[in-house]
1. Which value, in Å², gives the accessible area per residue of the range 72-212 when a 1.4 Å probe is used on the protein heavy atoms?
2. Which shape class, rounded, prolate or oblate, goes with the range 306-424 when its Cα gyration tensor gives a ≥ b ≥ c as root eigenvalues, a/c under 1.5 marks rounded, and past that a/b bigger than b/c marks prolate?
3. Among bridges DSSP assigns within the chain, what percent are antiparallel (round to 5)?
4. Around Ile300, under 11 Å between beta carbons, what's the net of Lys plus Arg minus Asp minus Glu among the other residues?
5. What number comes out for the charge environment of Ser335, summing +1 per Lys or Arg and -1 per Asp or Glu over other residues with Cβ under 12 Å away?
6. In Å, what Kirkwood hydrodynamic radius results for the chain from the alpha-carbon pair distances?
7. Work through the residues other than Val25 whose Cβ is under 12 Å from its Cβ and net out their charges, Lys, Arg +1 and Asp, Glu -1.
8. As an exercise, take the mean of 1/r over every pair of distinct alpha carbons in the range 374-450, invert it, and state the Kirkwood radius in angstroms.
Amino acid sequence: MPPRSENDHFDFDFIVIGSGFGGSVSAHRLVEKGYKVGVMEMGRRWTPDSLPRSSWSLRRWLWRPKIGLRGFFNMRFFRHVTIFHGCAVGGGSITYACTLLPPPEKVWEAKSWTGLADWKSEMPQYYQTASRMLGVTENTILGPADHLLKRTAEASGSGHTFYRMNVGIFQPAAGEPGNQTFPDPYFGGEGPARTTCLSCGGCMMGCRFGAKNTLDLGYLYLAEKHGAQVFPETQVTDVKPLPGASDGGAGYEVSTVKSTAWIRRRPQRFTCRGVVFAASSLGTMELLFRLKEKGSLPAISPQVGKHVRTNSESLIGARMPGYHEDLSQGIAIGSGIYIDEHTHIEAVRYPNGSDTMGVLTTILTNGRPGPRRIGLWLVNVVKSFLRHPFHTLRVLQPWGWAREFVILLCMQALDGHIEMRWQRTWFWPFRKFLVSRGDKVPTYIPKANEFAEKFAQLTGGFPMSMLPEILFNVPGTAHCIGGCVIADSSTHGVVDARHRVFGYKNMYICDGSVVAANLGVNPSLTITALAERAMSFIPPSAQNEWYDTASTWVQARARGPMEAAGNARSDRFRSQLIRERVA
Ligand SMILES: Cc1cc2nc3c(=O)[nH]c(=O)nc-3n(C[C@H](O)[C@H](O)[C@H](O)COP(=O)(O)OP(=O)(O)OC[C@H]3O[C@@H](n4cnc5c(N)ncnc54)[C@H](O)[C@@H]3O)c2cc1C
Ligand code: SF4
């Protein structure tokens, strides 16, 4: 064990980059193990009072600091996909819809992580811990949109698959009203007081009542309470090994700037012994591409950016002008169904008044993507105007959208991936950007469109699609995963089965970028469970020899199922033993 004074040369033992699901789990578990932890977070800190009242408050909703938008929700536009993601203290949890589902077991059977651990027997305990920490319960609040989903499922023969969503929300007891405050219900009194859910449907605009189990009220709250230092509005721009060991064995220097400043960006430098990248799939890819290219971390695997998955999603829905009930009531995602073995649909809503997404929805159009589909869409719009001029006008304008619209989020557990590269673009050749490459992701899922049509038929509404999907053949997703996947070696991925980065010491990735398969369900529970598992291998501070290096396939396979409390010393002995055996 290194004497404590040796570590005292460093500002922190660990710096965690990003405070979303992977970052908050890492910060909490590392603090618990006795480490001094700094968390660098690009986004702002939010409180119920500072959150926007509706999505019309663009300044407080959207994240584009260079033009004065300092919210928590970001949209990134690529040739193959539009990616929605969160950016805040608490990461995506501030804007997420709190759906927390485990994926089917078959996701562990394929792709680069297969055989690197006994995932099927190891993961359930981590899903259990993640579920307890995120306060997962079955949704008891079904809103009108959920009842409509059920009715349509019954009418189309899949009624038996209807289920109430598993969510991370503090719900009122049966028969009790919402908006009641109680002392910490989750962490034996260690956590903050909480207020019960009002079913306002506002989860994706940030919960203004303290009912959603966001990370700043859970993992991150506990980490801070026990000593982690969180730096909001602090963007990491560089990570490089300290002089003396190019593999990071002597520690790292982490450089940051103020993310919300234009001119006085307040550059800072911190030193640490270990680093956890947890900046989300896009954020970590972007950072690693940049750092590899500028020579700060040249040994990062060339596999960065490969195997990026979008959960094969399509957003469709139905708008019911003048519907007798307020369809925004309930929780953001209250229920789901399966229309076949691979295709999962969830009923999603925004809160009353948050109508901005309405500008992106239009009349549903079937058919293969391309100019013919655009032509067909124009014909559909004209036909609809001729048949129902007043109603068509009403469904195409955004006001009242959230009250009258049910979004149907369709996800398929089918494989398919794209690649992200770090390149100049023809329209802005002065610097490099993330750009997407590969086969197009399908924007048209015929069965999902049929379901939307049925949904609208039953309710007397209009089936709708997303305008960018029709015009540009680009699907939208809030579930971008992969890009730095778990694999047997740096030839196939970026981290090993314990999330250790190939080529560096004491460096880990704990976020959606390590996920190696399409999950077919919302990914946050899996990201949390994987981070719990990764952290379980890091020894307590007093036993850390700061020698943790990624194992290659031979070592990992020979080891068999990995024990939950990893220890760097025994790890090294085993590696040595295996090397001897192999020799
Ligand atoms: C509207 C919406 C609804 C969603 N609903 C659900 C849902 O119901 N269920 C579900 O499972 N998932 C949902 N998701 C997806 C979910 O939010 C993400 O899968 C999850 O947050 C990813 O976790 P993560 O740990 O990979 O990173 P994140 O939670 O995205 O956190 C990464 C953090 O790193 C920060 N960061 C990035 N780069 C840097 C840098 N250079 N320096 C410092 N900080 C940096 C970012 O600001 C961000 O806060 C939703 C997403 C959106 C956008
Ligand atoms: S429905 Fe409203 S009160 Fe309930 S968790 Fe979501 S935002 Fe909070």
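1. Numbers: 5540 Å² over 141 residues.
It amounts to 39 Å² per residue over the range 72-212.
2. It comes out oblate by the Cα gyration axes.
3. 75 percent
4. Here the charged neighbours net out to +1.
5. Details: positive: Lys150, Arg151, Arg164, Arg349; negative: Glu138, Asp146, Glu346.
Net local charge, Ser335 excluded: +1.
6. Numbers: mean 1/r = 0.0408 Å⁻¹.
When all Cα pairs of the chain are included, the Kirkwood radius is 24.5 Å.
7. On the way: positive: Arg29, Arg533; negative: Glu32, Asp511, Glu532.
Overall, the nearby charge balance is -1.
8. Working: mean 1/r = 0.0591 Å⁻¹.
Evaluated on the range 374-450, it is 16.9 Å.
The values are calculated or read from the model by the stated rules, or taken from the named source; none is laboratory data. Here the structure is a predicted model, which means the values were calculated and not measured. Because the Cβ atoms are built from the backbone with ideal geometry, glycine has one as well, and the counts that use them run over all protein chains shown. For the accessible areas, the whole protein counts, side chains as well, though only heavy atoms, and no ligand, DNA or RNA atoms are used. Shrake-Rupley method; radii C 1.70, N 1.55, O 1.52, S 1.80 Å.
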